[in-house]
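Student: A single structure is presented below for examination.
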Amino acid sequence: MTALKKESGDALLDEMLSLGRAAKAASAKLAQAPREKKDLALRAMAAEIRAQAGKILAANERDMKAAGEKGLSAALLDRLLLDEQRIEAMAKGLEDIAELPDPIGRSLGAWDRPNGLKIERVAVPLGVIGIIYESRPNVTADAAGLCLKSGNAAVLRGGSESAHSAVAILDCLQEGLCAAGLPKASVQRLPTTDRAAVGIMLGMTEYIDVIIPRGGKGLIERIANESRIPVLKHLDGICHTYVDAEADPEMARAIVLNAKMRRTGICGATETLLIDRPALKFAKPILDDLIKAGCELRGDAEIQALDKRVEAAGAQDWDTEYLDAILSVKVVNGVAEAIEHIERHSSHHTEAIITANPQTAARFLNEIDSGIVIWNSSTQFADGGEFGMGAEIGISTGKLHARGPVGAEQLTSYKYIVRGSGQVRP
């Protein structure tokens, strides 16, 4: 059984370095593991999660009780909560990852040189991936599964709120690894919830190849500032939905309500609604739907004039990821002003346009500089599982290495294999 510990000083440093050495050794074995063995481990992990569902739920109940006593918001509690359906989704997600093609060993390109050299670019694992995330315990399984499929070892650091849940899940994952004959150290978690361990982790350049943070803006900024290891950023999700003058009114109602209220605490939830001025004639039912669903609206003067229940939006609202049943609403003059607003305030995560005009949609899709852009659908589809990736570690909002949903394929690098027949360079 994995134990929760509280340590500091040299003892913690020694334990972290031991963890790093074990991860590095495991990654070398995973890089050579055949698909069959990796997939066997993934399916064994899924079976163990199902078998230990009661233990996972009991651990989650401890986390939920502690979080409630701390006064966490309803949206954050929803992110933390596990139930039978979500546990089954974790298990199914691991099985879905097993069904994906093996991303390792793929030929990414091959060509012959005039001197007879044959050159091939081949996909390889990144190595050891450190993943730092906050309250969602299902990330433990998703991250481990994707790292395993792509031949990488994983070092996980979940939030203190989900510590007991993460331990219970990790036990199942490591049982699955052992059942398939793969190193238990292929998936590890930090030995403590002490923040000092994160500081040590960010300097373990000898053992960790990439850091992937998944959480709030404060977490991401700290890691980006302190890490000596390359960081694949998952920034906050300040996502926008723009309702164009030529949108179908009923489609707009359904999409906006879903984009905001399906799950308010996920990074793909819409946080700002932009409405084309001519679309105000059919905007009132959209606002009614949101308020009826329990959403607090903060709008500009025109939106307030349309509905007296709307609070006044402040300058900070356009730059806020609420992760709650709160939505900022603004009137714009056409798609050009919508694009301008999004480029100024977006975190470059996910943006959507609702319109029946393909030319307007094309301009929006082409000019918006975000990881995901959507036409006539909900921003809540910003999810690796919905993209057919099996699962995701996060949505990368940067531009280097990977962008958008980060699945197994995005957790690879490549090397060049050169085959000769005795050539020497003149």
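Student: Checking the structure you have, find out if any residue of region 114-127 is out of contact with any strand residue (DSSP E or B) (no Cβ under 7 Å at 6 or more places or on another chain) and within 27 Å of V210 (Cβ to Cβ). Let's see the steps before the verdict.
Tutor: Here is the first cut: in region 114-127, the residues out of contact with any strand residue (DSSP E or B) (no Cβ under 7 Å at 6 or more places or on another chain) are 114-116, 127.
Add one more test, that the residue is within 27 Å of V210 (Cβ to Cβ), and what stays is 127.
Yes, because at least one residue in region 114-127 is out of contact with any strand residue (DSSP E or B) (no Cβ under 7 Å at 6 or more places or on another chain) and within 27 Å of V210 (Cβ to Cβ).
Student: Here's a follow-up. Looking only at region 260-306, filter to residues that are polar (S, T, N, Q) and in contact with a helix residue (DSSP H, G or I) (Cβ under 8 Å, 6 or more places away or on another chain); which one of those is farthest from L323 (Cα to Cα)?
Tutor: T272
Student: Which one of these is surrounded by 14 or more Cβ atoms within 10 Å (Cβ to Cβ), assigned to a helix (DSSP H, G or I) and at pLDDT 95 or above: I303, I353? Explain how you work it out, then say what you get.
Tutor: Numbers: I353 fails: assigned to a helix (DSSP H, G or I).
Criteria check complete, one pass: I303.
Student: Something else about it: Filter region 25-44 down to residues that are buried (at least 19 other Cβ atoms within 10 Å of the Cβ) and in contact with a strand residue (DSSP E or B) (Cβ under 9 Å, 6 or more places away or on another chain), then give me how many there are.
Tutor: Here the count works out to 3.
Student: Next up: For region 262-278, give me each residue that is buried (at least 19 other Cβ atoms within 10 Å of the Cβ) and farther than 11 Å from T379 by Cβ.
Tutor: T264, G265, L274, I275, D276
Student: Can you tell which of S347, S413 is under 24 Å from the mean Cα position of the chain (by Cα), closer than 28 Å to I132 by Cβ and outside any strand (DSSP E or B)?
Tutor: Working: S413 fails: outside any strand (DSSP E or B).
After ruling out the rest, the residue left standing is S347.
Student: Out of region 189-215, which residues are in contact (Cβ under 8 Å) with a residue 24 or more places away in the chain and within 18 Å of E161 (Cα to Cα)? Full working, then the answer.
Tutor: Step one: list which residues in region 189-215 are in contact (Cβ under 8 Å) with a residue 24 or more places away in the chain, which gives 189-194, 196-215.
Within region 189-215, R189, L190, P191, T192, T193, D194, A196, A197, V198, P213, R214, G215 qualify.
For every residue, the table says whether it meets (1) more than 16 Å from A166 (Cβ to Cβ); (2) within 22 Å of the chain's Cα centre (by Cα).
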site: R21; (1), (2): yes, no
site: A58; (1), (2): no, no
site: E61; (1), (2): no, no
site: A66; (1), (2): no, no
site: L72; (1), (2): yes, yes
site: D112; (1), (2): yes, no
site: G127; (1), (2): yes, yes
site: G130; (1), (2): no, yes
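Student: Find the residue count for region 170-195, including only residues that are part of a loop (DSSP other than H, G, I, E, B) and among the aliphatic types (A, V, I, L, M).
Tutor: First, pick out the residues of region 170-195 that are part of a loop (DSSP other than H, G, I, E, B): 180-183, 190-191, 193-194.
Among the residues that remain, those that are also among the aliphatic types (A, V, I, L, M) are: 180, 182, 190.
Of the residues in that region, 3 qualify.
Student: Residues A168, A144, A153: which one is aliphatic (A, V, I, L, M), out of contact with any strand residue (DSSP E or B) (no Cβ under 8 Å at 6 or more places or on another chain) and touching a residue at least 24 places away in the same chain (Cβ under 8 Å)? Reasoning before the result, please.
Tutor: Numbers: A144 fails: out of contact with any strand residue (DSSP E or B) (no Cβ under 8 Å at 6 or more places or on another chain); A153 fails: out of contact with any strand residue (DSSP E or B) (no Cβ under 8 Å at 6 or more places or on another chain).
None of the others qualify; the one that does is A168.
Student: Are there any pairs with C-beta distances below 7 angstrom linking a residue in region 351-365 that is assigned by TED's automatic domain parsing to the domain that holds A336 to a residue that is exposed (fewer than 14 other Cβ atoms within 10 Å of the Cβ), with the two at least 6 apart or on different chains, and if so which?
Tutor: Pairs that qualify, where the first residue is assigned by TED's automatic domain parsing to the domain that holds A336 and the partner is exposed (fewer than 14 other Cβ atoms within 10 Å of the Cβ): there are none.
Student: Sort out which residues of region 98-121 are over 18 Å from G420 (Cα atoms) and not in a strand (DSSP E or B), and write them in order of number.
Tutor: A98, E99, L100, P101, D102, P103, I104, G105, R106
Student: While we're looking at this one, here's another question. When you look at I131, is it assigned by TED's automatic domain parsing to the domain that holds A197, touching a Pro at 6+ places or on another chain (Cβ under 9 Å) and not in a helix (DSSP H, G or I), yes or no?
Tutor: On the way: assigned by TED's automatic domain parsing to the domain that holds A197: yes; touching a Pro at 6+ places or on another chain (Cβ under 9 Å): yes; not in a helix (DSSP H, G or I): yes.
So I131 fits the description; yes.
Student: Now a separate question. Can you spot a residue in region 193-201 that is farther than 20 Å from Q410 by Cβ, modelled with pLDDT of 95 or more and of a type in the set (G, A, S)?
Tutor: Checking region 193-201: not a single residue is farther than 20 Å from Q410 by Cβ, modelled with pLDDT of 95 or more and of a type in the set (G, A, S).
Student: Continuing with this model, one more query. Being polar (S, T, N, Q), under 30 Å from A224 (Cα atoms) and modelled with pLDDT of 95 or more is the filter here; which residues of region 236-268 pass it? Before the answer, list the steps.
Tutor: If we filter region 236-268 for residues that are polar (S, T, N, Q), which is where we start, we get 241, 258, 264.
After this cut, where a residue has to be under 30 Å from A224 (Cα atoms) as well, the list is 241, 264.
Within region 236-268, just T241 meets the criteria.
Student: Hey, could you check region 89-105 for residues that are free of Cβ contacts under 8 Å to residues at least 60 places away in the same chain and of a type in the set (D, E, K, R) and say which is farthest from P137 (Cα to Cα)?
Tutor: The residue in question is E95.
Student: Among G127, G93, G116, which is the only one that is under 30 Å from E206 (Cα atoms) and not hydrophobic (A, V, I, L, M, F, W, C)? Walk me through it before giving the result.
Tutor: Numbers: G93 fails: under 30 Å from E206 (Cα atoms); G116 fails: under 30 Å from E206 (Cα atoms).
After applying the criteria, what remains is G127.
Student: Working carefully through the options E95, E88, E48, find the one that is in contact with a Cys (Cβ under 9 Å, 6 or more places away or on another chain), of a type in the set (D, E, K, R) and not in a loop (DSSP other than H, G, I, E, B). It would help to see each step written out before you state the result.
Tutor: On the way: E95 fails: in contact with a Cys (Cβ under 9 Å, 6 or more places away or on another chain); E88 fails: in contact with a Cys (Cβ under 9 Å, 6 or more places away or on another chain).
Answer to the check: E48.
Student: Looking at region 306-325, which of the residues that are touching a residue at least 40 places away in the same chain (Cβ under 8 Å) and aliphatic (A, V, I, L, M) is surrounded by the fewest Cβ atoms within 10 Å (Cβ to Cβ)?
Tutor: Checked region 306-325; the qualifying residue surrounded by the fewest Cβ atoms within 10 Å (Cβ to Cβ) is A325.
Student: Looking at V418, V424 in this structure, which one is touching a strand residue (DSSP E or B) at 6+ places or on another chain (Cβ under 7 Å) and either part of a loop (DSSP other than H, G, I, E, B) or in contact (Cβ under 8 Å) with a residue 12 or more places away in the chain (or both)?
Tutor: Numbers: V424 fails: touching a strand residue (DSSP E or B) at 6+ places or on another chain (Cβ under 7 Å).
Result of the check over V418, V424: V418.
Student: Check region 261-269 and report whether any residue there is among the charged types (D, E, K, R) and either touching a strand residue (DSSP E or B) at 6+ places or on another chain (Cβ under 9 Å) or in a helix (DSSP H, G or I) (or both).
Tutor: Of the residues in region 261-269, the ones among the charged types (D, E, K, R) are 262-263.
Cutting the leftovers down to either touching a strand residue (DSSP E or B) at 6+ places or on another chain (Cβ under 9 Å) or in a helix (DSSP H, G or I) (or both) gives us none.
No - not one qualifying residue is present in region 261-269.
Student: Further question on the same structure: Looking for whichever is touching a Phe, Trp or Tyr at 6+ places or on another chain (Cβ under 9 Å) and not in a loop (DSSP other than H, G, I, E, B) here; the options are V124, V198, V167. Which one fits?
Tutor: Numbers: V198 fails: touching a Phe, Trp or Tyr at 6+ places or on another chain (Cβ under 9 Å); V167 fails: touching a Phe, Trp or Tyr at 6+ places or on another chain (Cβ under 9 Å).
Selected residue: V124, the only one of V124, V198, V167 that is touching a Phe, Trp or Tyr at 6+ places or on another chain (Cβ under 9 Å) and not in a loop (DSSP other than H, G, I, E, B).
The values are calculated or read from the model by the stated rules, or taken from the named source; none is laboratory data. Here the structure is a predicted model, which is why all the values come from computation and not from measurement. Neighbour counts are summed over all protein chains in view; Cβ atoms, including those assigned to glycine, are modelled from backbone coordinates with ideal geometry.
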